[in-house]
Amino acid sequence: MSPNSTNHTTTTVLGPDEDLAGTLAATGVRMMVRSKQTEGGFSLVQHRIAAHSMTSPVHRHSREDEYTVVQSGRVAAMVGDEIVYAEAGAMIFKPRGQWHAVWNPDDVPARILEIITPGGMEGLFELMPKLLAEAGSAAETVAARVEADFGIEFDLVATAEIAQTHGVGFGIESH
């Protein structure tokens, strides 16, 4: 931005234990940048992934691309028909329309940043704990609502296959 620009912005520092929305411990999500801060351009979400845990069921987005940057530990991802592994510093691209899932295959916690473009999907992370509480164990009810509101489809059969094959589940990493 040039010194003569009339667009005034405020510098923001988000400390390592701060969260613009508060940590959603039930889903292991930390909101770092919301789409409203980027005029819809992107959102930035951090996931803390417990050992041998998945971040979500196998799913695909109709609206967003995701870029997963591994901050610490190692993660595995299914993207389409391929399983890939990424160490700290690596990035995994998950294009819209592609089935994908991310998990921690190791005995130590991992941490990732998800850059989601365009932004807006972060509302799902805020809604999910409420949906799960309302639906109880009715995964199909939650999946139908998420598909309708966010354009995201789930493949629960593929999720069960990954869980069984790779020995992972849905644990929560604490701070």
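The values are calculated or read from the model by the stated rules, or taken from the named source; none is laboratory data. Source: prediction; values computed, not measured. Every residue, glycine as well, gets a Cβ built from its backbone with ideal geometry; the counts of neighbours run over all protein chains shown. Side chains are part of the model used for accessible areas, which takes the heavy atoms of the whole protein and leaves out ligands, DNA and RNA. Shrake-Rupley method; radii C 1.70, N 1.55, O 1.52, S 1.80 Å.
If you scale each eigenvalue of the Cα gyration tensor by 5 and take the root, what three semi-axes come out for the range 86-171, rounded to whole angstrom and sorted largest first? Can you show the working numbers first?
Values: eigenvalues 102, 66, 36 Å².
The three semi-axes for the range 86-171 are 23, 18, 13 Å.
Relative to the compact globular guide of 2.2 N^0.38 Å, what is the alpha carbon radius of gyration of the range 28-140, as a ratio? Could the numbers behind the result be given before it?
On the way: Rg = 13.8 Å, N = 113, 2.2 N^0.38 = 13.3 Å.
Against the empirical 2.2 N^0.38 Å value, I get 1.04 for the range 28-140.
Keeping every protein chain in place, order Lys94, Lys36, Lys130 by accessible area at 1.4 Å, biggest value first, i.e. largest first. Show your work: numbers first, answer last.
Working: Lys94 5, Lys36 165, Lys130 120 Å².
Greatest to least solvent exposure: Lys36, Lys130, Lys94.
Give, as a single signed number, the net charge of other residues whose beta carbon lies under 13 Å from the beta carbon of Glu147, with Lys and Arg counted +1 and Asp and Glu -1.
Values: positive: Arg60, Arg63, Arg145; negative: Glu140, Asp149, Glu153, Asp155.
Spelling it out: positives minus negatives among the neighbours equals -1.
Which order do you get for Glu126, Glu64, Glu134 if you rank them by accessible area with a 1.4 Å probe, largest at the top?
On the way: Glu126 80, Glu64 10, Glu134 120 Å².
From most exposed to least exposed: Glu134, Glu126, Glu64.
Can you give the net charge of the other residues whose Cβ lies under 13 Å from the Cβ of Gly123, counting K and R as +1 and D and E as -1?
Values: positive: Arg34, Lys36, Arg63, Lys130, Arg145; negative: Glu64, Glu122, Glu126, Asp149.
So the environment of Gly123 carries a net charge of +1.
Find out how many positive minus negative residues lie around Arg63, taking Lys and Arg as positive, Asp and Glu as negative, among other residues whose Cβ is under 14 Å from that of Arg63. Walk me through the numbers on the way to the answer.
On the way: positive: Arg60, Lys94, Arg96; negative: Glu64, Asp65, Glu66, Glu122, Glu147, Asp149, Glu153.
The answer is -4.
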